[in-house]
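Below you'll find the structure I mean.
The values are calculated or read from the model by the stated rules, or taken from the named source; none is laboratory data. Since we're looking at a predicted model, the values are computed, not measured. All Cβ positions, glycine included, derive from the backbone under ideal geometry; neighbour counts span all protein chains shown.
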Amino acid sequence: MSECVKILAVESSCDETAASVVENGRIVKSNIISSQIELHKLYGGVVPEIASRKHIEKINYVIEEALKEAGETLDTIDAIAVTYGPGLVGALLVGVAEAKAIAFAKKKPLVGVHHIEGHICANYIEHPDLKPPFLCLVVSGGHTHLVNVKDYVTYEVIGRTRDDAAGEAFDKVARAIGLGYPGGPKIEALAKEGDKNAIAFPRAKVNDSKMDFSFSGLKSAVLNYLNHCQMKGEEVNKADVAASFQEAVVDVLSAHGVEAAVELGYKKLAIAGGVASNHAFREKMIERCKEAGIDFYYPSPVFCTDNAAMIGVCGYHEYMNGTRSGWDLNAVPGLKIGSR
């Protein structure tokens, strides 16, 4: 094994077809992403069958571009890493099949990577001082998890959402006020024009587990507010709704994350996932971590949303730990964190 380990990573879990070359788990030599957002906007959300077909169309292209940008070839790559779950089963299968084909043809090791563990590993790209153990708050369209990152390949979920994920709530509220898809960025943009204190939306806590989250009550409160206004014939200030809703989400997320870190004695707290790119969330986390004397870490927006660089980082650490996937590697849409 050479001292310089280069991983070719492939990501196709949802609606981004991505490939990346990562060196030694920290240096991103290329990060190519083909997004399908404009296509799925027509339908108000991701259509799994369309996503799978687009992955098939784009996957060879993004891999070729990733290798070209990195100045590498398949022969100079040490291993192939690929997301095998969680995600849309058809979309995942495209990436897994491609990675297996390349690994088989070029006699390279194959490493299956957990998508959410990849999001956590995105923090290593721009923070060379960040090393486990630390606490990570993963916030995306499908997941809201508090994860104890024990070392580079060992993760323990200590808190999770009991119902809607935070990102899912963003999408549903955006749809309710007529913003469309994708909800997160549209809510964030509109919230800048509104008053975050205009509407007192609830901050939910789970009584029997203070590490867990709940966002269904907040979502219902927003829908009830909109219905109430409609029944009374009152005009809805959409910017105020967006700002007040966003404030309720980031308030709960930041308070919860910092409280958990303090209780567990952690001095390092990171965030990851698509919602981690939200500016209001970042600012609230910076403020509360500073007050609590906790070092705070977060990826740049391009590494928060789905990308292959994070898969390459995670794949590197799995590869160095001896993880090797067989030719029976399959897509696992409901893959749990820490399962192997």
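Looking at (1) over 22 Å from the mean Cα position of the chain (by Cα); (2) over 25 Å from LYS41 (Cβ atoms), can you tell me which one GLU247 breaks?
Among (1) over 22 Å from the mean Cα position of the chain (by Cα); (2) over 25 Å from LYS41 (Cβ atoms), GLU247 violates only (1).
Since GLY322 meets every condition but one in (1) surrounded by fewer than 21 Cβ atoms within 10 Å (Cβ to Cβ); (2) out of contact with any Gly (no Cβ under 8 Å at 6 or more places or on another chain); (3) closer than 18 Å to GLY167 by Cβ, which condition does it not meet?
Every listed condition holds for GLY322 apart from (3).
Does the range 142-163 hold any residues that are of a type in the set (D, E, K, R) and in contact with a helix residue (DSSP H, G or I) (Cβ under 7 Å, 6 or more places away or on another chain), and which are they?
ASP163
For VAL302, state whether it is hydrophobic (A, V, I, L, M, F, W, C) and assigned to a loop (DSSP other than H, G, I, E, B).
No; evaluated as a whole, the condition is false for this residue.
Considering the range 210-232 alone, what residues qualify as being surrounded by 13 or more Cβ atoms within 10 Å (Cβ to Cβ) and either assigned to a loop (DSSP other than H, G, I, E, B) or of a type in the set (Phe, Trp, Tyr) (or both)?
MET211, ASP212, PHE213, SER214, PHE215, TYR225 - these are the residues of the range 210-232 that are surrounded by 13 or more Cβ atoms within 10 Å (Cβ to Cβ) and either assigned to a loop (DSSP other than H, G, I, E, B) or of a type in the set (Phe, Trp, Tyr) (or both).
Residue-by-condition table, conditions (1) out of contact with any Phe, Trp or Tyr (no Cβ under 8 Å at 6 or more places or on another chain); (2) within 17 Å of ALA272 (Cα to Cα); (3) not assigned by TED's automatic domain parsing to the domain that holds SER277:
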residue: ASN148; (1), (2), (3): no, yes, no
residue: GLU156; (1), (2), (3): yes, yes, no
residue: GLU168; (1), (2), (3): no, yes, no
residue: GLY180; (1), (2), (3): yes, no, no
residue: LYS186; (1), (2), (3): yes, no, no
residue: LEU190; (1), (2), (3): yes, no, no
residue: PHE201; (1), (2), (3): no, no, no
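Next question. Just for the range 240-295: of the residues that are of a type in the set (Val, Ile, Thr) and in contact (Cβ under 8 Å) with a residue 40 or more places away in the chain, which one is surrounded by the fewest Cβ atoms within 10 Å (Cβ to Cβ)?
VAL252
Now for a separate question. Checking GLY180 against (1) more than 19 Å from the chain's Cα centre (by Cα); (2) surrounded by 15 or more Cβ atoms within 10 Å (Cβ to Cβ), which test does it fail?
Answer for GLY180: the failing condition is (2).
State all residues of the range 218-239 that are in contact with a helix residue (DSSP H, G or I) (Cβ under 9 Å, 6 or more places away or on another chain) and closer than 19 Å to ALA204 by Cβ; if no residue qualifies, say none.
Listed by number, the residues that qualify are LEU218, LYS219, ALA221, VAL222, LEU223, TYR225, LEU226.
Right, here's the next one. Could we say that ALA309 is among the aliphatic types (A, V, I, L, M) and in contact with a His (Cβ under 6 Å, 6 or more places away or on another chain) here?
Taking the combined requirement at face value, the residue does not satisfy it.
Another question about this same structure. For the subset of the range 191-204 comprising residues that are of a type in the set (D, E, K, R) and surrounded by 14 or more Cβ atoms within 10 Å (Cβ to Cβ), which member is nearest to ALA176 (Cα to Cα)?
Filtering the range 191-204 for residues that are of a type in the set (D, E, K, R) and surrounded by 14 or more Cβ atoms within 10 Å (Cβ to Cβ), the one nearest to ALA176 (Cα to Cα) comes out as LYS196.
Pick out the one residue from GLY95, GLY71 that is in contact (Cβ under 8 Å) with a residue 12 or more places away in the chain and either surrounded by fewer than 16 Cβ atoms within 10 Å (Cβ to Cβ) or among the basic types (Lys, Arg) (or both).
GLY71 is the lone residue from the list that is in contact (Cβ under 8 Å) with a residue 12 or more places away in the chain and either surrounded by fewer than 16 Cβ atoms within 10 Å (Cβ to Cβ) or among the basic types (Lys, Arg) (or both).
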